[in-house]
1. Which one is surrounded by the most Cβ atoms within 10 Å (Cβ to Cβ), of the residues in the stretch 1-26 that are within 16 Å of the ligand (Cβ to nearest atom) and not hydrophobic (A, V, I, L, M, F, W, C)?
2. Only one residue in Ser63, Ser29, Ser82, Ser97 is surrounded by fewer than 17 Cβ atoms within 10 Å (Cβ to Cβ), among the small types (Gly, Ala, Ser), modelled with pLDDT of 95 or more and closer than 28 Å to Leu148 by Cβ. Which one?
3. For the stretch 105-215, which helices (runs of 4 or more DSSP H) that fit wholly inside it have 1 or more residues that are under 19 Å from the mean Cα position of the chain (by Cα) and surrounded by 13 or more Cβ atoms within 10 Å (Cβ to Cβ)?
4. Show the residue pairs that are 6+ apart or on different chains and have beta-carbon atoms under 6 Å apart, the first residue being within the stretch 173-188 and farther than 13 Å from Gly129 by Cβ, the second being more than 15 Å from the ligand (Cβ to nearest atom).
5. Without any contact (Cβ under 8 Å) to a residue 60 or more places away in the chain, surrounded by 20 or more Cβ atoms within 10 Å (Cβ to Cβ) and either in a loop (DSSP other than H, G, I, E, B) or more than 16 Å from the ligand (Cβ to nearest atom) (or both): is that true of Ile223 in this structure?
6. Give the stretch 226-252 a look and list any residue that's more than 15 Å from Leu7 (Cβ to Cβ) and surrounded by fewer than 16 Cβ atoms within 10 Å (Cβ to Cβ), or say none.
Amino acid sequence: MNRRKILVANWKMYKTGAETLLFFEELKSLLPQKTSVEMVVAPPFTSLEAASKLSKSCGVKLSAQNMHWEEKGAFTGEISASMLKALFCEYVILGHSERRHIFHETDQEIHSKIKAALQHDLKIILCVGENLEERESNQTSSVLEKQLLSGLSGVSKAQLSQWVIAYEPVWAIGTGKVAEPAQAEEAHRFIRRKIWDTYDMDVAAALPILYGGSVKAENFKAISSQPNVDGALVGGASLQAKSFIEILKQMT
Ligand code: PGA
């Protein structure tokens, strides 16, 4: 099965608008002539507009890192799906572990965001992953299943065809501790199997599943060559155009 390969940069709370422009200028000079990998950058909200000026000429799509489920209203500090669409966002990352753990987002809240994103035709990058304690007590599969099924509830097969799932073991995010290729493959296979059981083989076979957690060029080749790994969601190593492109090179 020839699945889409995707590389996503999650900048978290880094880069002003000016720094964003510099990144894209550098990226442009480093881009390979041709790549079959879909590249997506998720800047902070305040840099989306700057990113939208140059991303297209680099063939890069834009994603938001989060959003609120309401359309509009008295929600100080929040951003809606239609605001993201107005800034040319094609994707939104939902359920990132930093949202789940630092900001205590629940599966229910994430699901409300998913419903709002779907209403606005935003493509969803749903993050799932276990923490260290859960892995060590053999709960990885049950945690993944719970996060996945809660996110997918009420989602049709046609809607799912626009999704990307990111497996991000919490213990590997920003820690320098990357999952073993076999550990990543096992989790990705489990996720694909769950999608198959919940929907069908075709939708499961076509769904891109990305790995995230301390990805850099030096460790990604081995992970990327696993049969169920279709790309990466990269934090730290995506902040420099050069290291981001080095990861891209491991995928082709
Ligand atoms: P990291 O972050 O690559 O810095 O570990 C990954 C992520 O949070 O998506």
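The values are calculated or read from the model by the stated rules, or taken from the named source; none is laboratory data. Just so you know, these numbers come straight off a predicted model, no measurement behind them. Heads up, the Cβs are rebuilt from the backbone with ideal geometry, glycines too, and the neighbour counts pull from every protein chain shown.
1. Asn10
2. Criteria check complete, one pass: Ser82.
3. Qualifying helices (runs of 4 or more DSSP H): 107-119, 140-152, 157-160, 181-198, 201-206.
4. Pro181/Ala222; Pro181/Gln226; Glu185/Gln226; Glu185/Asn228
5. no
6. Correct list: Pro227 only.
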